[in-house]
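Visitor: Okay, handing you the structure first.
The values are calculated or read from the model by the stated rules, or taken from the named source; none is laboratory data. It should be emphasised that the depicted structure is a prediction, and the values quoted were computed from it without experimental measurement. Heads up, the Cβs are rebuilt from the backbone with ideal geometry, glycines too, and the neighbour counts pull from every protein chain shown. Heavy atoms of the whole protein, side chains included, go into the accessibility calculation; ligands, DNA and RNA do not. Shrake-Rupley method; radii C 1.70, N 1.55, O 1.52, S 1.80 Å.
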Amino acid sequence: MVVPSLARAGMETVVVSLTRGLAARGHDVGVTCTESKGPLGHTLESLGFRVTLAPAPGLYTIVLPRRLAGWLRRREPDVVHVHSGVWCKGARAARIAGVRRVVFTMHGLDGVRPRYESLLDMWAGRHTTAAVTVSGAFVDYLTDKARIPASRVHVIPNGIDLDRFRPGPRTMRVRRALQIDDDAVLIGHVARFSPVKNHALLVDAFARVAARTPRAFLALVGDGPLRSQIEARVRAAGLTGRVGFVGEVADLHQVYPDFDILVLSSTSEAAPMSVLEAMATGVPIVATAVGGVPALLGQGEAGVLVPPTGAAELAEALCSLVDDAEERRRLGQAARLRTEARYSDTRMVDAYEALYAAEPA
């Protein structure tokens, strides 16, 4: 596996799950980071996995990623699996090292991309034997922009540990931390504080919800570069007592049971892990209809979809669920059943294992 880092985020969580799943089947799997190991990297190391830092800073390492290529040449892997954020560097390094199978997974796209990035992706595609997207919404990018033949493009949805994330009683972990009563309706949001997650839209929408019902509270789980900016926005909106900042949480399976609703306000997503984790836990979801999210939620059968630009629409959907406990229960059950049928980590590992073994197209 080649990734920029193993920070505590969605793509990185998938990489850790895939690494552990493959190792459990007898494969020798290691992770190589080009920027930093990150907290999930240290977790993997504590479990006995090989996590290596092979720095590849700057654009020049795309042309000649010496250190990364040298490391791969020494390891002589059968497969190099490159993930978003280091596609061109990783794929080119693997080819220089003589690796025969190079797999790339696109975990999403962050908004409008400069033309040079599409050109780099075209170049990376030439060094890639199979490209994967976690959502069908991004197949066209790989075939049209990156110019990868359709025969080499595959859709493998992210998977979730259905035993770890499952319906259960409230843990009260978040409610006690934020001093929220048990009878309050707690709306949760789990994401890094970055532009694509659009916390600003969520705060604006929740201001409307808070004005309509005193029962609703919002918990923001995560950290990131925009946190202080969002904290200021919450204070300016007079929501200090209604919005709580939880920070990063390692054991998220203990957090979701406290939520009555999970909200997603992103401007772009492929297959967000927070949505899958909430679905597996039986938490009803209100989400912006972007990227692969509508497909995850069965086009609205297992969650409520709203436009990605309207605070009023998001607020209205949240208020409807805050006031309707029966609909929350129905959507939560539908979401759990959908993850059981389509999004288990076993299915994901099966698909990647088969792809690694297949002859290059």
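Visitor: Only one of T133, T129 is open to solvent by less than 20 Å² (accessible area, probe 1.4 Å) and more than 21 Å from the chain's Cα centre (by Cα); which?
Guide: Details: T133 fails: more than 21 Å from the chain's Cα centre (by Cα).
Being open to solvent by less than 20 Å² (accessible area, probe 1.4 Å) and more than 21 Å from the chain's Cα centre (by Cα) holds for just one of T133, T129, which is T129.
Visitor: Take G244 and decide whether it is at pLDDT 95 or above, crowded, with 19+ Cβ neighbours inside 10 Å and under 19 Å from the mean Cα position of the chain (by Cα). Steps first, please.
Guide: Values: at pLDDT 95 or above: yes; crowded, with 19+ Cβ neighbours inside 10 Å: yes; under 19 Å from the mean Cα position of the chain (by Cα): no.
No: the conditions fail for G244.
Visitor: Follow-up. Identify, from the list L162, L201, the residue that is at pLDDT 95 or above and either within 17 Å of A287 (Cβ to Cβ) or touching a Phe, Trp or Tyr at 6+ places or on another chain (Cβ under 6 Å) (or both). Spell out how you get there, then give the answer.
Guide: Working: L162 fails: either within 17 Å of A287 (Cβ to Cβ) or touching a Phe, Trp or Tyr at 6+ places or on another chain (Cβ under 6 Å) (or both).
Only one candidate qualifies: L201.
Visitor: With under 27 Å from V153 (Cβ atoms) and either without any contact (Cβ under 8 Å) to a residue 12 or more places away in the chain or in contact with a Lys or Arg (Cβ under 6 Å, 6 or more places away or on another chain) (or both) as the only criterion, which of P77, P39, P65 stands out? First the steps, then the outcome.
Guide: Values: P77 fails: either without any contact (Cβ under 8 Å) to a residue 12 or more places away in the chain or in contact with a Lys or Arg (Cβ under 6 Å, 6 or more places away or on another chain) (or both); P39 fails: under 27 Å from V153 (Cβ atoms).
None of the others qualify; the one that does is P65.
Visitor: Residues being open to solvent by 50 Å² or more (accessible area, probe 1.4 Å) and of a type in the set (V, I, T): count how many of those fall in region 21-61.
Guide: 1
Visitor: Which of (1) open to solvent by 10 Å² or more (accessible area, probe 1.4 Å); (2) under 25 Å from the mean Cα position of the chain (by Cα) does A91 not meet, given it meets every other one?
Guide: (1)
Visitor: What is the number of the single condition among (1) surrounded by fewer than 15 Cβ atoms within 10 Å (Cβ to Cβ); (2) closer than 28 Å to F217 by Cα that M122 does not meet?
Guide: Single failed check for M122: (2).
Visitor: Considering (1) open to solvent by less than 10 Å² (accessible area, probe 1.4 Å); (2) under 27 Å from V16 (Cβ atoms); (3) not hydroxyl-bearing (S, T, Y), say which one D223 fails and leave the rest.
Guide: That leaves (1) as the condition not met.
Visitor: Mind counting the residues in region 282-297 that are closer than 24 Å to A184 by Cα and surrounded by fewer than 22 Cβ atoms within 10 Å (Cβ to Cβ)?
Guide: Summing the residues that are closer than 24 Å to A184 by Cα and surrounded by fewer than 22 Cβ atoms within 10 Å (Cβ to Cβ) in region 282-297 gives 0.
Visitor: OK, next. With respect to the numbered conditions (1) of a type outside the set (D, E, K, R); (2) open to solvent by 50 Å² or more (accessible area, probe 1.4 Å); (3) at pLDDT 95 or above, which one is the sole condition not fulfilled by F206?
Guide: Result: F206 passes all but (2).
Visitor: Something else: Any residue in region 20-34 that is over 23 Å from L68 (Cα atoms) sitting within a Cβ distance under 7 Å of a residue that is open to solvent by 20 Å² or more (accessible area, probe 1.4 Å)? List the pairs, counting only those 6 or more apart or interchain.
Guide: Note: pairs meeting the criteria are G21/D345; R25/E353.
Yes/no per residue for (1) open to solvent by less than 40 Å² (accessible area, probe 1.4 Å); (2) more than 29 Å from A270 (Cα to Cα); (3) in contact (Cβ under 8 Å) with a residue 24 or more places away in the chain:
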residue	(1), (2), (3)
R147	no, no, yes
A150	no, no, no
H154	no, no, yes
N158	yes, no, yes
D163	no, no, no
P169	no, yes, yes
R175	yes, yes, yes
V185	yes, no, yes
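Visitor: Take A56 and tell me if it is at pLDDT below 95, in contact with a helix residue (DSSP H, G or I) (Cβ under 8 Å, 6 or more places away or on another chain) and either part of a helix (DSSP H, G or I) or within 27 Å of L264 (Cβ to Cβ) (or both).
Guide: Numbers: at pLDDT below 95: yes; in contact with a helix residue (DSSP H, G or I) (Cβ under 8 Å, 6 or more places away or on another chain): yes; either part of a helix (DSSP H, G or I) or within 27 Å of L264 (Cβ to Cβ) (or both): no.
Taking the combined requirement at face value, the residue does not satisfy it.
Visitor: Output the residue which, of all residues in region 303-349 that are open to solvent by 50 Å² or more (accessible area, probe 1.4 Å) and of a type in the set (V, I, T), is farthest from the chain's Cα centre (by Cα).
Guide: T309
Visitor: Among the numbered criteria (1) at positive phi; (2) crowded, with 24+ Cβ neighbours inside 10 Å; (3) not polar (S, T, N, Q), which one does G300 miss?
Guide: Answer for G300: the failing condition is (2).
Visitor: Checking the structure you have, find out if any residue of region 5-20 is open to solvent by 40 Å² or more (accessible area, probe 1.4 Å) and in contact with a strand residue (DSSP E or B) (Cβ under 7 Å, 6 or more places away or on another chain). Give the steps one after another, and end with the answer.
Guide: The initial filter retains those residues of region 5-20 that are open to solvent by 40 Å² or more (accessible area, probe 1.4 Å), namely 8, 13, 20.
Right, trim to in contact with a strand residue (DSSP E or B) (Cβ under 7 Å, 6 or more places away or on another chain) and you get none.
For region 5-20, residues open to solvent by 40 Å² or more (accessible area, probe 1.4 Å) and in contact with a strand residue (DSSP E or B) (Cβ under 7 Å, 6 or more places away or on another chain): absent.
Visitor: Just checking, does region 61-78 include any residue being in a strand (DSSP E or B) and at pLDDT 95 or above?
Guide: Pass one, region 61-78, residues in a strand (DSSP E or B): none.
Checking region 61-78: not a single residue is in a strand (DSSP E or B) and at pLDDT 95 or above.
Visitor: Can you tell me how many residues within region 278-316 are of a type in the set (A, V, I, L, M) and over 25 Å from F138 (Cβ atoms)?
Guide: Narrowing region 278-316 to residues of a type in the set (A, V, I, L, M): 278-280, 283, 285-287, 289-290, 293, 295-297, 302, 304-306, 311-312, 314-315.
Then keep just the ones that are over 25 Å from F138 (Cβ atoms); that gives 283, 311-312, 315.
Residues that pass the stated criteria total 4.
Visitor: Read through the list (1) among the charged types (D, E, K, R); (2) at pLDDT below 95; (3) open to solvent by 50 Å² or more (accessible area, probe 1.4 Å), then give the number of the only condition that E269 fails.
Guide: (3)
Visitor: Just one of R152, R164, R176 is charged (D, E, K, R) and within 20 Å of the chain's Cα centre (by Cα); which is it?
Guide: Details: R152 fails: within 20 Å of the chain's Cα centre (by Cα); R176 fails: within 20 Å of the chain's Cα centre (by Cα).
Only one candidate passes the filter, namely R164.
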